[in-house]
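Structure first, then comments.
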Amino acid sequence: MKHLWQRVRQCPQPTLLALIVVAFLVFFVQLVFGLPFPDDYGAVPQELTRAWDELLEGRFSHRTLVTATRLFTPLFVHGDLEHVGFNMIFLWSFGSLVARHLGKWWALVLFFVTGACGNVLQVCLNPDSSAPIVGASGAVCGCQGIYLGLALRWALSWPDVWPLARPIPPLQLAAFAVMGIGFDYFALMNHAGQPIAYGAHLGGFLSGLVIAACLTQVYPTEGSYDMPRQRG
């Protein structure tokens, strides 16, 4: 067991790999057993809006707490193989870069924070919707927003991470993230009919950008902060 734990600790970005493994595991369990994970664990705007209204009225119950967890559980639930596959590829690409510069545990925390922020914005945009929000896209866009914010303020090394064929300038990679979120914003403003939570993408990206802006304001240069870092 000790040897196994040492091998796990030697893996590049173990916390990020754990998130990816859990996401694929949840998808295949859902696929094999036909379980209604999107309905059971997706973030339903109607239910979250009702839970928020109950809190404002001073009414707190076990049901309210369970509903609040739906801001996080959808991050591990996906609609199909393409959905989970692309999300995990981009999570590895940008999430590993965030972990490289901020640390593996901070990357894990920010995955949940930006993912929840994305779901909150999607709920705010469609408070009466009964369609469950699923997927880690908000957290993925959150990692993109964080990396963009870091690249704008810190002198980052050229990223060398799979699936990039070779290291490229940080701002060039960040520009790719901006293009993606620009597409999401355009689709949101034009009320795209596809069942895609563009608001979650935008909310995750903006929350990540705000987090990076605050961090780089307090710590103007990389390495001037006292955070545990994991170079991978």
Once both label points are put 7 Å beyond Cα along the C-beta direction, the VAL210-SER130 separation in nm becomes 3.2 nm
Express the C-alpha Rg of the range 95-182 as a ratio against the empirical globular expectation 2.2 N^0.38 Å, rounded to two decimals.
1.20
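For a quick check: sort CYS143, CYS117 by the number of other beta carbons within 10 angstrom, fewest at the front.
Numbers: CYS143 30, CYS117 25.
With the fewest neighbours first, CYS143, CYS117 line up as CYS117, CYS143.
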Over the range 2-218, what is the mean sequence separation of C-alpha contacts under 8 Å (at least six apart), divided by residue count, expressed as relative contact order in percent?
25 percent
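Ordered by packing density, taken as the mean number of other Cβ atoms within 10 Å over each peptide's residues, highest first, how do 16-22, 125-131 rank?
Values: 16-22: 16.9, 125-131: 13.1.
Taking the mean over residues of other Cβ atoms within 10 Å, the ranking is 16-22, 125-131.
Given R₀ = 41 Å, FRET efficiency for VAL218-LEU17 by Cβ-Cβ distance, to 0.05?
Numbers: r = 29 Å, r/R0 = 0.71.
Using R0 = 41 Å, I get an efficiency of 0.90.
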Estimated inter-spin distance, TRP158 and LEU65, nm [label 7 Å along Cα→Cβ]:
5.2 nm
Just to check I understand the Karplus step: with θ = phi - 60° and J = 6.51 cos²θ - 1.76 cosθ + 1.60, what whole-Hz values come out for the range 95-111, glycine and proline as x?
x, 5, 6, 4, 5, 5, 9, 10, x, 5, 6, 5, 4, 5, 4, 5, 4
Whole-Å semi-axes of the range 16-162's equivalent ellipsoid (Cα gyration tensor):
29, 20, 12
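Rule-based calculations on the coordinates, nothing more; no lab input. These numbers were taken from a predicted model, which means no experiment stands behind them. No Cβ is skipped: glycine too gets one built from the backbone with ideal geometry, and neighbour counts run over all protein chains shown.
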